[in-house]
Structure formats: C-alpha cells, structure tokens
Amino acid sequence: MKVIRFRLMVAALAVLLGSAVAKSQVPEGPPMRGHEFGLAGPGLAGPGLAGPMMAGYLNLTDAQQTQMKAILQKERPALKPLMAQLRQTREALKQYEEGAYDEAKVTALATQQTQTMVQLTVQQTRIHNELFQVLTADQQTKLKEFEAKREARMEQRQNEASAPPEE
C-alpha cells in the first residue's frame with residue numbers, strides 16, 4: 001500500500017512540476033516586449049523573476065529586461081525537447097490510468113519522467129542563475145527579501161492548513 005501511495009505521489013509531483021514548467025515557457029509568436037515574459041521554477045514561483053510584477057517591484061531597467069528576454073529566448077531550444085518528453089511520458093502514463101495497468105511499464109515511464117524532470121530542474125536553475133546575475137546588488141537583495149517573506153507566508157499557510165480544527 002505504501003508503494004502505491006508513493007508512486008501516486010511521485011506521479012502527482014511530476015504532473016505538477018510539468019505543469020509549472022509548461023506555464024513558464026515563452027510562447028511562440030510575435031516578438032514580446034521586455035516585461036511580457038516569465039519563468040516559474042525553484043525559488044521563483046508565480047510570475048517569475050522576469051515577469052511584469054517583478055520587473056516593476058525590482059525596478060528593472062529596459063536594458064535588464066532586454067537581457068532577460070535574450071536569455072530566455074536563447075534557452076528555449078534547450079527546454080523545448082525536455083518539455084516534449086514530459087508531455088509524451090504523461091500521455092503514455094494516462095493510458096495506464098484509464099486502461100489496463102502494467103506496473104513494470106508504469107515504473108519504467110515514471111523513472112524516465114523523473115530523469116527528464118531532473119534535467120529540467122538543472123536547466124531551470126541555470127537559467128534562474130543567469131537571470132539573477134543581470135540584477136544589481138540592491139535588486140538581488142530586494143529579491144532575496146521578497147522570496148524570504150513569500151516562503152514565510154507559504155510556511156504559515158501550510159502550518160494553518162495542517163493544524164487540527166479548533167472546537
């Protein structure tokens with residue numbers, strides 16, 4: 001029973017991470033203005049470091065926004081195949097959710113998905129580091145403070161949600 005619960009949790013985590021990564025992708029199409037992009041991921045949840053809210057909060061210059069846009073566009077080709085692999089794996093797993101269940105194949109797909117997620121995490125962390133390096137020291141400090149406050153709020157909400165109801 002614990003094994004099934006663990007596998008379900010891993011699958012749910014994979015889907016959640018895949019969704020977050022998919023939302024963070026820069027869309028194809030017409031050229032974007034410098035502040036109309038974002039990158040969600042570790043330590044930069046929500047609209048992302050390069051999103052319009054953070055651009056305003058950190059008071060990013062046009063040059064910084066242009067640099068960040070260039071970084072994201074440069075990295076898009078590296079992320080695209082990983083995202084496609086995650087989609088394929090999710091679709092393959094779906095057939096076992098709705099049809100005949102084969103534990104060996106599901107385990108192999110989950111392992112493959114985990115490896116892809118590791119590669120994505122490495123790529124995202126590198127990209128976030130590149131974006132972070134574009135910031136001035138004051139902007140970096142302001143971002144760290146913002147992230148610490150956000151983390152404290154999230155922890156408080158989690159504690160409130162896990163606390164037993166009062167009678």
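So, by mean Cβ neighbours within 10 angstrom, what's the order for 66-79, 136-149 with the highest one leading?
66-79, 136-149
5 Å is the cut-off here: which amide hydrogens, built 1.01 Å from N in the peptide plane, fall below it relative to G51, excluding neighbours closer than 5 in sequence?
L39
Whole Å is fine, so just give me how far the alpha carbon centre of segment 112-154 lies from that of segment 72-87.
18 Å
Quick one: grab the alpha carbon gyration tensor of segment 52-141, order the square roots of its eigenvalues as a ≥ b ≥ c, and give me rounded if a/c is under 1.5, else prolate or oblate depending on whether a/b is larger than b/c. Before the final figure, lay out each step's value.
On the way: a/c = 3.28, a/b = 3.26, b/c = 1.01.
Judged from the Cα gyration tensor, segment 52-141 comes out prolate (a/c at least 1.5, a/b above b/c).
Applying the Karplus parametrisation 6.51 cos²θ - 1.76 cosθ + 1.60 with θ = phi - 60° to the phi angles of segment 53-63, what ³J(HN,Hα) value in whole Hz is obtained for each residue in order, glycine and proline being reported as x?
5, 6, 4, x, 4, 8, 6, 5, 7, 4, 5
Quick one: grab the alpha carbon gyration tensor of segment 90-167, order the square roots of its eigenvalues as a ≥ b ≥ c, and give me rounded if a/c is under 1.5, else prolate or oblate depending on whether a/b is larger than b/c.
Numbers: a/c = 4.75, a/b = 1.39, b/c = 3.41.
Oblate shape, in that a/c is at least 1.5 and b/c is the bigger or equal ratio.
If you plug each phi of segment 141-150 into the Karplus form 6.51 cos²θ - 1.76 cosθ + 1.60 with θ = phi - 60°, what whole-Hz ³J(HN,Hα) values come out, in order, with x for Gly and Pro?
4, 4, 5, 4, 5, 4, 5, 5, 5, 4
Laboratory data are not the source of any read-out in this text; all were calculated from the coordinates shown. In this text, all values refer to a predicted model and were calculated from it rather than measured experimentally. Here the Cβ is made from the backbone with ideal geometry for all residues, glycine too, and neighbour counts use every protein chain on show.
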